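Data first, discussion second: the structure below is written as structure tokens.
Every number here is computed from the coordinates shown, using simple stated rules; none is lab data. Keep in mind that this is a model prediction, so the values were computed, not measured. Every residue, glycine as well, gets a Cβ built from its backbone with ideal geometry; the counts of neighbours run over all protein chains shown.
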Amino acid sequence: MEKVLIKDRQSFKYSLKKKISSSRFLIFMIIPAIIYYAVFCYAPMYGVLLSFTYYTYDGGITGSILNNWVGFDNFVFIFKFPAFKQAVLNTLLIGSLKIIIAFLGAVTVALLINELRMRFFKKFVQITVTFPHFLSWVVVASLFLLLFDRTGVISHLIVAMGGKELKVFSDGKQFIGLLLASDVWKEAGWGSIIYIATMAGISTDLYEAADIDGASRLQKIWHITLPGIKSTAILLLIMSVGGVLSAGFDQIYNMTSQLNNRLVINSVQIIDTLIYSSTIASESLNEGVTTAIGLFKSLVGFVLVIVTDRIAKLCGERGII
């Protein structure tokens, strides 16, 4: 028995060395990625301990952890913080709507581009709808302000045709609609790239067989294209659910930075903008509290990903875990 175990160990070691030797170039290629994630993602995770401390600049991270440990007091404080509950509700609403609309927008754009037959025109359209992704939210916010403000170009055109001036930047519900529309305009083209790549991998034999059977374009989309990208769409949807509490600080901050209407700002005040306004702008929150809020967001996102993945598996999909 002992000889068999020794022989098995030797066989395992030989097999492992052989696999490492045959994959040495792939191992060398992945080493920089491992170093990157170790240095910039895993090493800083000790800073999560600030969630349980009262941070002081004199003590720094280590000194605050050793001398100002407060346990779960920071978490108790954030749940009693007056504006936090409303910020969480706003974040969940805006984040959920952005995930759904961005998902539908990306799939729709991908389907429309995939149906184009002229190769040059198809490339032109794809470049055109992808370009807004590379614009900063500072530029996009200024553009939408010039177009849709009550003194903007669109509002002037509506008034000139006998309509009423727009109140997009003064009505909370309309402003949320503007946030969603601007997000789709900016990101739908970029999000469609992976769907277009997936569609390119669908066998052309399926479409040829559908043509022989007399299927229309809509029938081919419904019965061939959509089932072909279903697994990719579910995978991306599961991953996006983890960021539901990150509803887009850049977008909301830049879209509201030039507004003085408190009604609109309160309607779109998310967790990230609350941290900014309470820490950097007014300095009313300690860094330990803001770290606790960040940890809370991460834990909620993690739980949502696990739950969504479980639901996908119960529905017969592969999931990500």
**Asked** What spacing in nm lies between the two simple spin-label points modelled at M45 and T62, each 7 Å away from Cα in the Cβ direction?
**Response** 2.1
**Prompt:** Which number do you get for Rg(Cα) / (2.2 N^0.38 Å) in segment 16-170?
**Reply:** 1.74
**Prompt:** Considering the chain as a Gaussian network with a 10 Å cut-off on Cα pairs, which listed residue, T204, T62, T232, attains the greatest mean-square fluctuation?
**Reply:** T204
**Item:** Gaussian network model of the chain, springs between alpha carbon atoms under 10 Å - residue of G294, G60, G248 with greatest fluctuation
**Value:** G60
**Asked** Given charges of +1 on the Cβ of Lys and Arg and -1 on the Cβ of Asp and Glu, with all other atoms neutral, how large is the dipole of segment 82-284 about its Cα centre, in debye to the nearest 20?
**Response** 260
**Request:** Before anything else, pin down the relative contact order of the chain: Cα pairs under 8 Å, at least 6 apart, normalised by residue count, whole percent.
**Result:** 26
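For the chain, which DSSP H helices look membrane-span-like by this rule: Cα extent along the axis of 24 Å or more and mean Kyte-Doolittle of at least 0.5?
Both cut-offs are met by 82-114, 172-200, 287-314.
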**Request:** Specify the residue with the greatest mean-square fluctuation among I238, I252, I20, computed from a Gaussian network of the chain linking alpha-carbon atoms under 10 Å apart.
**Result:** I20
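Which peptide among 309-317, 178-186, 212-220 comes first, and what is the full order, when sorted by highest mean count of other Cβ atoms within 10 Å?
The densest-packed peptide leads the list: 178-186, 309-317, 212-220.
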**Prompt:** Non-local amide H neighbours of T53 (under 5 Å, H modeled in plane, Pro and chain starts lacking H): which ones?
**Reply:** V70
**Message:** Starting from the 7 Å offset along Cα-to-Cβ, what nm value, one decimal, do you get for the label separation of F131 and M161?
**Reply:** 2.5
**Request:** Distance check, please: which entries in K220/K313; K230/K313; K186/K297; K122/K186; K164/K186 exceed 21 angstrom between their Cα atoms?
**Result:** K220/K313; K186/K297; K164/K186
**Prompt:** F121 label point, 7 Å along Cα→Cβ, cut-off 18 Å on backbone N: hits in segment 182-221?
**Reply:** 217-218
**Item:** Helical mean residue ellipticity (222 nm; -39500 (n - 2.57) per DSSP H run of 4+; nearest 500) of the chain
**Value:** -22000 deg cm²/dmol
**Prompt:** What is the list of residues in segment 140-171 whose amide nitrogen lies under 19 Å from a point 7 angstrom out from the Cα of Q86, following Cα to Cβ?
**Reply:** 169-171
**Distance from segment 190-228 to segment 148-178 (C-alpha centre basis), Å** = 40
**Asked** Taking a quarter of the surface of the convex hull around the Cα atoms of segment 91-142, what do you get in nm²?
**Response** 4.5
**Item:** Theoretical gain in end-to-end length, I306 to A200 [0.36 nm per residue, Cα-Cα removed]
**Value:** 35.2 nm
